[in-house]
Every structure is written in C-alpha cells, then in structure tokens.
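Undergrad: Once you've had a glance at the structure underneath, I'll fire off some questions.
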Amino acid sequence: MWQVTAFLDHNIVTAQTTWKGLWMSCVVQSTGHMQCKVYESVLALSAEVQAARALTVGAVLLALVALFVTLTGAQCTTCVAAGPVKARVALTGGALYALCGLLALVPLCWFANIVVREFYDPAVPVSQKYELGAALYIGWAASALLMCGGGLVCCGAWVCAGRPEFNFPVKYSAPRRPTANGEYDKKNYV
C-alpha cells in the first residue's frame, strides 16, 4: 500500500480501490473481493520501483547485520571480553542501526515525492491519481525508530567506551536468605 487510489470525483461511491506497492498491485472491489497480482518482470518495472526494492532489501539485510553486531557488543553476552572493545562493538551496532534507518528512509521519501508530484500534475488524468498509502507512514515511523534506537545504543556505548568505570557496571549477587529463626544473617550486612 505505497500508493492508494485517490477519490477526487464528486461521486464518492466507487466500485474499486487500487493499491500499488513494491511487490504487487491489488484491486479491492466494493463487494469486498480483493485480487492481487505480483509484478512478473523486474525489468518491466520503473526505475523508481527497482531502486526502492533494492534499497528496502538492503535495509533489511543491514538491520540483520546490525542486530548481530549489537548482540555481540551487548552486556549480556560473552562473545567479546568486557572493556572498551566491547563498547566499540556496541557503538558499531548502533551506528549500523542508524544507517539502516536512513537507508530505509530514502525509498519512502522518493516514492512520496513521486506520488505528490503526480497528484498535482494537471496532465495526469483524475482516474490515475494516487495518494500516499499506509505503508509509507509505517515506514517513516520504522525509520525514525531505527535511527532513534541506533542513536541510543551509540550514546550508551560511547559513555562506556570513554569512561572505564562505566563499563558494564551490572553486578549480580546471591539473594539474602533468612536464618532458621527468621532473621537475616548479620554477615549479609557487612
């Protein structure tokens, strides 16, 4: 649902609504019947759709790499010894998440620009005008979350990398247990 049919005529009762996306186009009838058709040839697609597909797949693959790098640098893993190196690995993962958000944002803004430009173009017939689809708004929110999350990971790792006393300060201790008479052992308070 990157592009959705625009209702511009005076007749608000329509027989069908058209959705277009990166991978398929769908037509929804007023009866509720939906018919979708996958784009059969990559070469028959416009250059914008081909580039948007490539950037979207690239963003997904980069997000997977960022996930594994960030998990490697996380406090809860032992893949890398605690210290400045582990914090730099986490910093790299955060930077990859922010880059992934930017990479996902490019095709969204590009498609939005095309839809808006064609909507206001008087040469385009009214029946072929489209509006922004829900997938664009979801994509913008996802890009913002990726960039904010990557920034937070970078900030946390930056603090840990620059100050050794902040390097993963989480320490776990055994829970205190009461003695037979119900009081806590005094050695737990020392």
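The values are calculated or read from the model by the stated rules, or taken from the named source; none is laboratory data. Not measured: the values here are computed from a predicted model. Note: ideal-geometry Cβ built from the backbone for every residue, glycine included; neighbour counts use all protein chains shown. Protein only, heavy atoms only, side chains kept; ligands, DNA and RNA dropped before computing areas. Shrake-Rupley method; radii C 1.70, N 1.55, O 1.52, S 1.80 Å.
Undergrad: With a Förster radius of 22 Å, plug the Cβ-Cβ distance of LEU102 and LEU152 into 1/(1 + (r/R0)^6) and report the FRET value to the nearest 0.05.
TA: Values: r = 16 Å, r/R0 = 0.72.
For R0 = 22 Å, the calculated efficiency reads 0.90.
Undergrad: If you average the alpha carbon positions of the range 25-50 and of the range 73-116, how far apart do those two centres end up, in angstrom?
TA: Between the Cα centre of the range 25-50 and that of the range 73-116, the gap is 32 Å.
Undergrad: Set the Förster distance to 30 Å, then compute FRET efficiency between ALA141 and SER41 from the Cβ-Cβ distance, nearest 0.05.
TA: On the way: r = 32 Å, r/R0 = 1.06.
Plugging the Cβ-Cβ distance into 1/(1 + (r/R0)^6) gives 0.40.
Undergrad: Based on the alpha carbons, how large is the Rg to Rh ratio for the range 57-108 when Rh follows Kirkwood?
TA: Numbers: Rg = 12.1 Å, Rh = 11.2 Å.
Rounded to two decimals, Rg/Rh equals 1.08.
Undergrad: Among GLN128, THR92, GLY151, which residue has its Cα furthest toward the positive end of the charge dipole of the range 47-162, with +1 on Lys/Arg Cβ and -1 on Asp/Glu Cβ?
TA: Farthest towards the positive end: THR92.
Undergrad: Further question on the same structure: Which chymotrypsin sites (Phe, Trp or Tyr not before Pro) does the range 1-78 hold that lie in a coil by DSSP with at most 14 other beta carbons within 10 Å? Working shown, then result.
TA: On the way: sites: TRP2, PHE7, TRP19, TRP23, TYR39, PHE68; in loops: TRP2, PHE7, TRP23, TYR39.
Filter output for the range 1-78: PHE7, TRP23.
Undergrad: If you don't mind, there's one more thing I want to ask. Charges at C-beta only: +1 for Lys and Arg, -1 for Asp and Glu. How large is the resulting dipole of the range 1-121 about its Cα centre, in Debye rounded to 20?
TA: Details: 6 positive and 5 negative charges, 103 e Å.
Dipole size: approximately 500 debye.
Undergrad: May I ask you to rank CYS76, CYS26, CYS155 by accessible area, largest first, using a 1.4 Å probe over the protein chains only?
TA: Values: CYS76 115, CYS26 10, CYS155 85 Å².
Output order, biggest surface exposure first: CYS76, CYS155, CYS26.
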